[in-house]
1. What is the dipole size for the chain, taken about its Cα centre, with +1 at each Lys and Arg Cβ and -1 at each Asp and Glu Cβ, in debye to the nearest 20?
2. Magnitude of the Cβ-charge dipole of the stretch 37-96, K/R +1 and D/E -1, about the Cα centre, nearest 20 debye?
3. Using the basic label-point model (7 angstrom from Cα toward the beta carbon), what is the Ile88 to Leu112 distance in nanometres?
4. Could you work out the relative contact order of the chain, using alpha carbon pairs under 8 angstrom and six or more residues apart, expressed as a whole percent?
5. Take peptides 74-84, 24-34, 90-100 and line them up by average Cβ neighbours within 10 Å, highest first, as a rough protection proxy.
6. Which whole-number value in Å² is the accessible area per residue of the chain, probe 1.4 Å?
7. Counting pairwise Cα distances across the chain, what percent come out greater than 21 angstrom?
8. Give the carbon-plus-sulfur fraction of the accessible surface of the chain in %, rounded to a whole number; probe 1.4 Å, heavy atoms of protein chains only.
Amino acid sequence: MLQIVKIDENNYNSAYNFLKTVPSISAIDDAILKNGVIILDDERVIGSISFEIYDHIGLIRYFVFKKNLSRPLLKNLMEQLEENARSIDLYKIACVADNNQIEELFKELGFLKLEKKIYINEDIITESNFSSSNFLYKEV
């Protein structure tokens, strides 16, 4: 049975171990992971999303899921994450989309493209490693 749950002490290790199987994730930040939610198929984690608190915004991190998950299920996953954000007084979440497929998915989930200059560590994003990425946001 599929269910979406907040990451807590009962499922933290399962969420952590699921993310450890992803080659592109080199390190898992405990504080970020604890902001997240997971999709469980019985007791097995099949999807995860979390956010990092960055300047009063929840920056999406660890959005990993099995490719066969339906869009409605991913939408429910995002809604639960939004609830987590609101519970700690965050009312905007953002993401970095580094390809069109990811950008389209976030747009389907209600995100809008951010059309302004963005700075990371006082550098304009267009002059950084993220220069080809798009930034999207959503009010929650």
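1. Details: 16 positive and 22 negative charges, 76 e Å.
Result for the chain is approximately 360 debye, rounded to the nearest 20.
2. Working: 8 positive and 9 negative charges, 64 e Å.
Value, rounded to 20: 300 debye.
3. 2.5
4. Details: 213 pairs, mean separation 28.2, N = 140.
Across the chain, relative contact order equals 20 percent.
5. Working: 74-84: 18.5, 24-34: 11.2, 90-100: 16.7.
Highest mean packing first, the order is 74-84, 90-100, 24-34.
6. Working: 8640 Å² over 140 residues.
Per residue, the chain has an accessible area of 62 Å².
7. Numbers: 4074 of 9730 pairs.
Looking at the chain, the distances longer than 21 Å represent 42 percent of pairs.
8. Details: 4080 of 8640 Å².
Summing carbon and sulfur atoms, their accessible area is 47 percent of the total for the chain.
The values are calculated or read from the model by the stated rules, or taken from the named source; none is laboratory data. Keep in mind that what you see is a predicted model, and the values were worked out from it rather than measured. Methodologically, a virtual Cβ is constructed for each residue, glycine included, from the backbone with ideal geometry; neighbour enumeration extends over all protein chains shown. Only protein heavy atoms, including side chains, enter the accessible area calculation; ligands, DNA and RNA are left aside. Shrake-Rupley method; radii C 1.70, N 1.55, O 1.52, S 1.80 Å.
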